[in-house]
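This report refers to the structure that appears directly beneath it.
The values are calculated or read from the model by the stated rules, or taken from the named source; none is laboratory data. Nothing here was measured: the structure is a model prediction, and the numbers come from that model. Heads up, the Cβs are rebuilt from the backbone with ideal geometry, glycines too, and the neighbour counts pull from every protein chain shown. Protein only, heavy atoms only, side chains kept; ligands, DNA and RNA dropped before computing areas. Shrake-Rupley method; radii C 1.70, N 1.55, O 1.52, S 1.80 Å.
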Amino acid sequence: MSKKTRPKSKTAPGAMRNGTTRPSGRTLGPVNDLEHHLSSDWWRTLFNAMYLKTDGDVVENQDNTRNEIDLLIRATGIETDDRILDLCCGQGRHCLELARRGYRHVTGLDRSRYLIRLARKRAKQMEVSVSFHEGDARKCRLPESSFNCIALMGNSFGYFEHQDDDLAVLHCVYRLLKPGGTIAIDLTDGGWIREHYAPRSWEWIDQQLLVCRERSLSGDQSRLVSRELIMHSEQGVLADQFYAERLYSREDIIQLLVTAGFADVRDHGQLMAESTRNQDLGMMGNRMFLTARATKKRATRKDGPAFPKVTVLMGDPSLPDEVKLDGQFNPEDFNTIDRLKESLAELGDYRFSYVDNHATLIYEMRTHPPEFVFNLCDEGYRNDAFKELHVPALLEMLGIPYTGAGPAALGMCYNKAIVNAIAASLEIPVPMETYIHPDDQAARLPSVFPAILKPNQGDSSIGILQDAVVRTPEELMAYFEKVRERVPGRAILIQEFLEGPEYSVGIIGNPGIGYQILPALAVDYSKLPPDLPPILGYESKWMPDSPYWTKIRYEEARLDEERKRLLQDYSLALFERLGCRDYARFDFREDAQGRIKLLEVNPNPGWCWDGKMNLMAEFAGLTYTDMLRLILETAQSRVLQESGLPASAMRNPETVKV
């Protein structure tokens, strides 16, 4: 007889906290059709402290954890220097046990914010190093081909409504594994459960909590649907919630692994668990433990890129540009363009043409639509930074595929206050700031000094000079008027000035396809004269005779695992939420207390040979040409996936409408 129908798991792929739950003190009463009351995404809200209370007899049982890790090590042969991911790690019990045994590169990922925070707290208490991330197992925001072993332990599989989502989890695992890497999966024997589940059960969790469970098979017999009624002896009904799990037989899960590309599937027999309450183990009592290998490397097209003919779209050197020194293209800009063309010429499987005449741009794109555009027009249409988003908008209206962010992402990221608000909603720390509307006649002074003033909308540090850092109300008002004069009609931000180390994170990739996170960059201000504030302002980008141009250096950041994890987590979360595509850069800085805060998000960041993005690529062992190729390949792979067409069809411009 089964005690529980909820699997004794950590957290489902994509799961969060508390389930399809009735408010405290209420219940639906008798229910004839459990499946009718089941939410398709019940896993988003089921897993919290109550879950650990009701299932703690197994999932907080240290003997079970030790036995499961013993089996994982025997079955996979993992060594202490291997990189291991515990996918759907819950409160981190398996990660922490591995770290306790000396495994040095352990990562845990789970959708439940509550459980991830608990895992980090426990790691700190145990003084072990584990990198915990919050995320969805179907589209993990982790570097591709980076793990030797990925484990789905404790029955953490099969919680989605559709089997395609389970397959998406396995595809994600395949992408994250190194060639030859191993997946280990522990899940209930669905065939056995289908025949032996108990329609009703109840148990006392402690002296006050009673849990009653009902269960039935779904209409197509593929899932076990469960209802859990949790009652307190004094407080009454605490939860009335519904959940389900897909029932995989041994043959079913092996076939799914093979479909996802895995080979050498091995069955390591039955896995049992113990209950501290000596209750029937239910779905944890009859579990399968299988391993398989990712034997194939990522497929490459032998017949070349999907779009071999690429049009490079750039700013117009014949037009004024208010951002550049003296308001026009200068020798440094032309040298940068020449270096770009030299590097792209090394990509022999592509044929490049260049378009920089904005007077005829719309006509050319409409009458002679390119096969594919490498959008490097970060100056904006007619060199108007406010019209940077107009270029991809034009390409989208004409159905022309292109690299980089779309118009919505560019528009949002151009507004610093909007980006900071979105970051704060993701619990990413941002500087304290005051927003001054252009119609405001007087500035509201910040509560802390030093502060920095900057236009809310602006590109390439326009309006941010060395005097932008102010330490008194008098300095603030003086620079405030200077900014209004330099960029009239724009809102101004007055932010706390962050004086700690400054970092940049570069990402090349896309959600659901894979990411390459470049090694973080640190800004070295140590050679800057002490009377100059340490900032990357306008002088550092456009004035070659300035100390900011000559004295500032960049180096690979030396970060502990916790800071590295935070920077990557923050960057990936923003990449996805803001709708970035193909590549982006994220800038951060520490405050006086060492807390990392967001400075800026850069979709379509600077592509020049001496820019931050290429410097980070060099830290990863890539040349400038390598980085440009990687961006092109990433964008073309995305377009192929979005279109659903084969590469041969994509080469026919008449076939392509994106």
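Structure data summary
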quantity	calculated
Test item: Cα-centred dipole of segment 170-283, Lys/Arg +1 and Asp/Glu -1 on Cβ, debye	360
The chain: relative contact order in percent, alpha carbon pairs under 8 Å with at least 6 residues between	12
Gyration tensor (alpha-carbon) shape descriptor, segment 57-143, a/c threshold 1.5	rounded
Ratio Rg/Rh [Cα only; Rh per Kirkwood] for segment 99-216	1.03
Net charge dipole size for segment 501-658 [Lys, Arg +1 and Asp, Glu -1 on Cβ; Debye, nearest 20]	300
Positive dipole terminus of the chain, leading residue within Cys149, Ala584, Ile69 (C-beta point charges)	Ile69
Over segment 299-457: Kirkwood hydrodynamic radius from C-alpha pairwise inverse distances, Å	18.6
The chain: calculated mean residue ellipticity at 222 nm from DSSP helix runs of at least 4, using -39500 (n - 2.57)	-8500 deg cm²/dmol
Loop-resident sites, segment 109-144, for GluC sites (Glu not before Pro), counting at most 12 other Cβ within 10 Å (DSSP)	Glu127
Backbone N under 15 Å from the Ala263 label point (7 Å along Cα→Cβ), restricted to segment 155-180	179-180
Phi to ³J(HN,Hα) by Karplus 6.51 cos²θ - 1.76 cosθ + 1.60 over segment 255-263, Hz, x for Gly, Pro	5, 5, 4, 5, 4, 6, x, 7, 9
Dipole magnitude of segment 167-236 about its Cα centre (Cβ charges: Lys, Arg +1; Asp, Glu -1), debye to nearest 20	380
Distant alpha-carbon pairs in the chain (separation over 50 angstrom), percent	21
Segment 455-554 - Rg (one decimal) and Dmax (whole number), Cα, Å	16.1, 52
With Cα atoms, 0 to 90° folded angle of helix 473-486 axis to the chain main axis	70
Nearest-0.05 FRET efficiency for Glu79 and Trp204, computed from C-beta distance (R0 56 Å)	0.80
Extension reserve of the Glu633-Arg366 stretch, reckoned as 0.36 nm per residue once the Cα distance is removed	93.6 nm
Vicinal HN-Hα couplings computed from phi for segment 543-558 (Karplus, 6.51 cos²θ - 1.76 cosθ + 1.60; Hz; Gly/Pro x)	10, x, 8, 8, x, 4, 6, 8, 9, 6, 10, 10, 8, 5, 5, 9
Residue-by-residue Karplus 3J(HN,Hα) for segment 582-587, coefficients 6.51, -1.76, 1.60, Hz, glycine and proline x	6, 7, 6, 10, 10, 10
For segment 346-504, with +1 on Lys and Arg beta carbons and -1 on Asp and Glu, the positive-most of Val487, Gly380, Pro401 along the dipole	Val487
Per-peptide average of other Cβ atoms within 10 Å, ordering 118-124, 558-564, 156-162 highest first	156-162, 118-124, 558-564
Charge sum, other residues only, whose C-beta stays under 10 Å from Leu498's C-beta, Lys/Arg counted +1 and Asp/Glu -1	-2
Selection from Trp542, Leu498, Ala522 lying farthest towards where the dipole of segment 471-609 points positive, charges on Cβ	Trp542
Theoretical FRET efficiency, 1/(1+(r/R0)^6), r = Cβ-Cβ of Ser218 and Gln270, R0 22 Å, to 0.05	0.30
Highest average packing first - 616-625, 356-365, Cβ atoms within 10 Å	616-625, 356-365
Bins of 10 Å from zero: percent of alpha-carbon pairs in segment 491-531	20, 30, 29, 19, 3
Sites Glu485 and Ser526, calculated FRET efficiency, Cβ-Cβ separation with R0 30 Å, nearest 0.05	0.35
Å² per residue, accessible surface of the chain at 1.4 Å	42
Mean Cβ count within 10 Å, highest first, over the residues of peptides 492-503, 342-353	492-503, 342-353
